[in-house]
Amino acid sequence: FKEYVAIAVGELDRDSDYVEAALKHHPHEREKMVVCDPHDPEAKAASSYYEVMERFRGYTLVKVQPRTGRTHQIRVHLLHVGCPVLADKQYGGRDRFTLADAVPWLPRERDEVLLHRQALHAYRLRFRHPNKGTWLEVEAPFPPDMRRVLAALREHRPLR
C-alpha cells in the first residue's frame, strides 16, 4: 500500500474519484508517459484513487493511492483529470513555484522560490516485514518546501 500527497495546479471538481486510464510511452519523447486507448498494443493498465484534502483558489492538495505501479502514473493521471502536479516540469511545464505565483501583486524584490521540484510526496507506505511477516506502516511528514507552499496558499489563496 502506497499513499502519496500532491499539490496540484487547478481545482479538482470531485472530492474523490478513481482514475482508470491506460498508459504507454509518449510516441516522440520516450522519457514521458501518456494516457492511451486501453486496446493499444503498448497500453499498460493503470488506476489511481484520489481524495481531496484541501482546496485553494487555483490549487488542490490531494492524497493519491496508486492501485498499479506504472512509471509516472500519479503525475500523468493528475494531468489527465486537468490538474497537473505543481512544479512538474515534464508534465506541467514549470519547474518551480514562487511566492509571486501565489501572490501575483507581490513586489518583485519580495519574491522567492518556495519549491524547486515537483510537489509530490510519498506520505505513507505499508508493507510486510521481510523476516517477521508482520505489517509495518511508515509515514513521512511533509517536507519543508511543501509546507512553505501550503502556508502561502492558505494565506493568499483560500477559498472564499
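For the stretch 104-118, does any single residue satisfy the condition of being at pLDDT 95 or above, within 14 Å of the chain's Cα centre (by Cα) and under 30 Å from Ala43 (Cβ atoms)?
yes
Taking Tyr91, is it free of Cβ contacts under 8 Å to residues at least 60 places away in the same chain and aromatic (Phe, Trp, Tyr)?
Numbers: free of Cβ contacts under 8 Å to residues at least 60 places away in the same chain: yes; aromatic (Phe, Trp, Tyr): yes.
Judged against the criteria, Tyr91 is a match.
Scan the stretch 25-39 residue by residue and report those that are open to solvent by less than 40 Å² (accessible area, probe 1.4 Å) and either modelled with pLDDT under 95 or out of contact with any His (no Cβ under 9 Å at 6 or more places or on another chain) (or both).
His26, Cys36
Step by step: first the residues of the stretch 1-24, then only those that are surrounded by fewer than 16 Cβ atoms within 10 Å (Cβ to Cβ), outside any loop (DSSP other than H, G, I, E, B) and among the charged types (D, E, K, R), then the one that is farthest from the chain's Cα centre (by Cα). Which residue is that?
For the stretch 1-24, the residue satisfying everything is Glu20.
Mind counting the residues in the stretch 87-111 that are assigned to a loop (DSSP other than H, G, I, E, B) and either in contact with a helix residue (DSSP H, G or I) (Cβ under 8 Å, 6 or more places away or on another chain) or among the small types (Gly, Ala, Ser) (or both)? Spell out how you get there, then give the answer.
To start, the set of residues in the stretch 87-111 that are assigned to a loop (DSSP other than H, G, I, E, B) comprises 87-88, 93-96, 103-107, 111.
Right, trim to either in contact with a helix residue (DSSP H, G or I) (Cβ under 8 Å, 6 or more places away or on another chain) or among the small types (Gly, Ala, Ser) (or both) and you get 87-88, 93, 95, 103, 106, 111.
The number of residues fulfilling the criteria is 7.
Evaluate the stretch 59-74: report whether one residue or more is out of contact with any strand residue (DSSP E or B) (no Cβ under 7 Å at 6 or more places or on another chain) and either open to solvent by less than 10 Å² (accessible area, probe 1.4 Å) or more than 30 Å from Trp135 (Cα to Cα) (or both). Even if it seems obvious, please write down each step before you answer.
Kept after step one, since they are out of contact with any strand residue (DSSP E or B) (no Cβ under 7 Å at 6 or more places or on another chain), are these residues of the stretch 59-74: 69.
Filter once more, keeping what is either open to solvent by less than 10 Å² (accessible area, probe 1.4 Å) or more than 30 Å from Trp135 (Cα to Cα) (or both): none.
Scanning the stretch 59-74, I find no residue that is out of contact with any strand residue (DSSP E or B) (no Cβ under 7 Å at 6 or more places or on another chain) and either open to solvent by less than 10 Å² (accessible area, probe 1.4 Å) or more than 30 Å from Trp135 (Cα to Cα) (or both), so the answer is no.
Would you call Ala100 in contact (Cβ under 8 Å) with a residue 40 or more places away in the chain and on the phi < 0 side of the Ramachandran plot?
Details: in contact (Cβ under 8 Å) with a residue 40 or more places away in the chain: no; on the phi < 0 side of the Ramachandran plot: yes.
No; evaluated as a whole, the condition is false for this residue.
Going through the stretch 7-55 one residue at a time, which ones are touching a helix residue (DSSP H, G or I) at 6+ places or on another chain (Cβ under 7 Å) and among the charged types (D, E, K, R)?
Selection gives Lys32 alone.
Taking Gly93 as the residue in question, decide whether it is at pLDDT below 95, open to solvent by 30 Å² or more (accessible area, probe 1.4 Å) and of a type in the set (Gly, Ala, Ser). Show your work before the answer.
Numbers: at pLDDT below 95: yes; open to solvent by 30 Å² or more (accessible area, probe 1.4 Å): yes; of a type in the set (Gly, Ala, Ser): yes.
Criteria met by Gly93.
Can you name every residue in the stretch 112-154 that is without any contact (Cβ under 8 Å) to a residue 12 or more places away in the chain and either surrounded by 13 or more Cβ atoms within 10 Å (Cβ to Cβ) or in a helix (DSSP H, G or I) (or both)?
Here is the first cut: in the stretch 112-154, the residues without any contact (Cβ under 8 Å) to a residue 12 or more places away in the chain are 128-136, 141, 144, 147, 151.
Pro144, Arg147, Ala151 - these are the residues of the stretch 112-154 that are without any contact (Cβ under 8 Å) to a residue 12 or more places away in the chain and either surrounded by 13 or more Cβ atoms within 10 Å (Cβ to Cβ) or in a helix (DSSP H, G or I) (or both).
Can you tell me which condition Ala45 does not meet? The list is (1) over 29 Å from Arg157 (Cβ atoms); (2) touching a Ser or Thr at 6+ places or on another chain (Cβ under 9 Å); (3) touching a residue at least 40 places away in the same chain (Cβ under 8 Å); (4) open to solvent by 40 Å² or more (accessible area, probe 1.4 Å), and all the others hold.
(3)
The values are calculated or read from the model by the stated rules, or taken from the named source; none is laboratory data. Just so it is clear, the structure is predicted and the values come from calculations on it, not from any experiment. Here Cβ is always computed from backbone atoms with ideal geometry, including for glycine, and neighbour counts include all displayed protein chains. These accessible areas exclude ligands, DNA and RNA; they are computed on the full protein's heavy atoms, side chains included. Shrake-Rupley method; radii C 1.70, N 1.55, O 1.52, S 1.80 Å.
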